């Protein structure tokens with residue numbers, strides 16, 4: 001009898017809990033309605049121009065669509081063509097992964113180290129140095145500087161310098177020789193990498209509670225490196241995660257630098273990336289289904305890399 005009573009009252013408890021949770025949710029919603037109203041413009045724009053396009057692109061990757069005819073379902077054909085028959089995509093994928101493996105970690109560490117050093121300066125000097133380091137990432141015509149530096153004639157700064165000191169006898173076609181193209185793109189991207197992540201790290205370092213540093217000194221922290229690992233980094237995890245997302249996105253989505261320096265397409269696709277391949281099929285050939293498959297693969301790689309990076313960053317300070 002007791003078992004029957006217990007089993008009979010359990011559903012009643014669940015049914016009573018559901019209205020209670022719903023009432024609590026509505027109460028919290030009403031209490032915070034002003035915050036949701038303020039967030040709604042951004043959320044609407046984000047949903048319309050980010051979430052919906054991503055979902056549509058994912059669905060469109062299973063169709064053949066040339067923007068003139070109605071989409072035709074082809075299943076996994078776009079993906080099989082991408083990985084089995086598209087040699088240029090495999091070259092672009094190799095270039096992108098190599099580019100991301102080199103520029104991603106280096107630019108991320110550089111952003112933090114420069115932010116950490118600049119944060120120790122006086123406020124006026126800190127503001128000036130922040131502008132100096134951040135300026136390249138917001139300069140519109142920055143690529144013209146590097147086109148002059150790596151110009152293939154004797155008037156190019158690098159060729160002129162190397163010829164003057166006797167290392168070369170004739171100019172090198174830096175941006176037309178496939179041996180140098182990817183290296184030059186990596187160098188330029190690293191120079192441009194002190195952007196949003198750098199500012200986020202500066203802001204994060206400004207918000208660290210100084211009392212934590214004093215408490216750490218009393219608990220046995222003896223030098224700045226221990227302070228960095230056990231106090232500074234754990235205190236700015238949100239900025240570290242944000243910076244990781246921005247740097248990963250920038251390293252995998254490289255296209256503008258490659259097109260500006262090496263042309264589109266580059267010599268023997270030496271500077272070709274996944275994004276330039278996507279632009280080729282999406283904006284020139286108008287094979288939107290195939291372009292969507294490329295975008296979906298890139299999106300999956302970015303998501304996987306971000307998840308791995310965030311998992312590693314959560315261990316900082318442990």
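The values are calculated or read from the model by the stated rules, or taken from the named source; none is laboratory data. All figures in this text were calculated on a predicted structure; none of them were measured in a lab. All Cβ positions, even for glycine, are placed from backbone atoms using ideal geometry, and neighbour counts span all protein chains on display.
Going through 159, 95 one at a time, which residue ends up being surrounded by 13 or more Cβ atoms within 10 Å (Cβ to Cβ), modelled with pLDDT of 85 or more and under 19 Å from the mean Cα position of the chain (by Cα)? Result: 95 is the single residue among 159, 95 that is surrounded by 13 or more Cβ atoms within 10 Å (Cβ to Cβ), modelled with pLDDT of 85 or more and under 19 Å from the mean Cα position of the chain (by Cα).
Evaluate the following for residue 194: is it buried (at least 19 other Cβ atoms within 10 Å of the Cβ), part of a loop (DSSP other than H, G, I, E, B), within 25 Å of the chain's Cα centre (by Cα) and at pLDDT below 90? Considered against the rule, which asks whether it is buried (at least 19 other Cβ atoms within 10 Å of the Cβ), part of a loop (DSSP other than H, G, I, E, B), within 25 Å of the chain's Cα centre (by Cα) and at pLDDT below 90, residue 194 comes out as yes.
Only one of 232, 276, 249 is at pLDDT 85 or above and part of a helix (DSSP H, G or I); which?
Working: 232 fails: at pLDDT 85 or above; 249 fails: at pLDDT 85 or above.
One residue alone meets the criteria, 276.
From the list 300, 282, 289, which residue is touching a strand residue (DSSP E or B) at 6+ places or on another chain (Cβ under 7 Å) and modelled with pLDDT of 85 or more?
It is 289.
Go over the candidates 38, 58, 48, 26 one by one and state the one that is part of a helix (DSSP H, G or I) and in contact with a helix residue (DSSP H, G or I) (Cβ under 7 Å, 6 or more places away or on another chain). Reasoning before the result, please.
Values: 38 fails: in contact with a helix residue (DSSP H, G or I) (Cβ under 7 Å, 6 or more places away or on another chain); 48 fails: in contact with a helix residue (DSSP H, G or I) (Cβ under 7 Å, 6 or more places away or on another chain); 26 fails: in contact with a helix residue (DSSP H, G or I) (Cβ under 7 Å, 6 or more places away or on another chain).
When all the criteria are applied, what remains is 58.
Can you name the residue in region 197-224 that is surrounded by fewer than 13 Cβ atoms within 10 Å (Cβ to Cβ) and outside any helix (DSSP H, G or I) and, of all such residues, is modelled with the highest pLDDT? Residue satisfying both the conditions and the ranking: 207.
Pairs linking a residue in region 48-70 that is over 11 Å from residue 287 (Cα atoms) to a residue that is modelled with pLDDT of 90 or more, with Cβ atoms under 6 Å and 6 or more positions apart or on different chains, are 57/292; 57/295; 58/296. So if I check each of 133, 144, which one is assigned to a helix (DSSP H, G or I) and surrounded by fewer than 17 Cβ atoms within 10 Å (Cβ to Cβ)? That would be 144, the only listed residue that is assigned to a helix (DSSP H, G or I) and surrounded by fewer than 17 Cβ atoms within 10 Å (Cβ to Cβ).
Out of the residues in region 273-288 that are in contact (Cβ under 8 Å) with a residue 24 or more places away in the chain and within 13 Å of residue 86 (Cα to Cα), state the one that is nearest to the chain's Cα centre (by Cα). Within region 273-288, the match that is nearest to the chain's Cα centre (by Cα) is 274.
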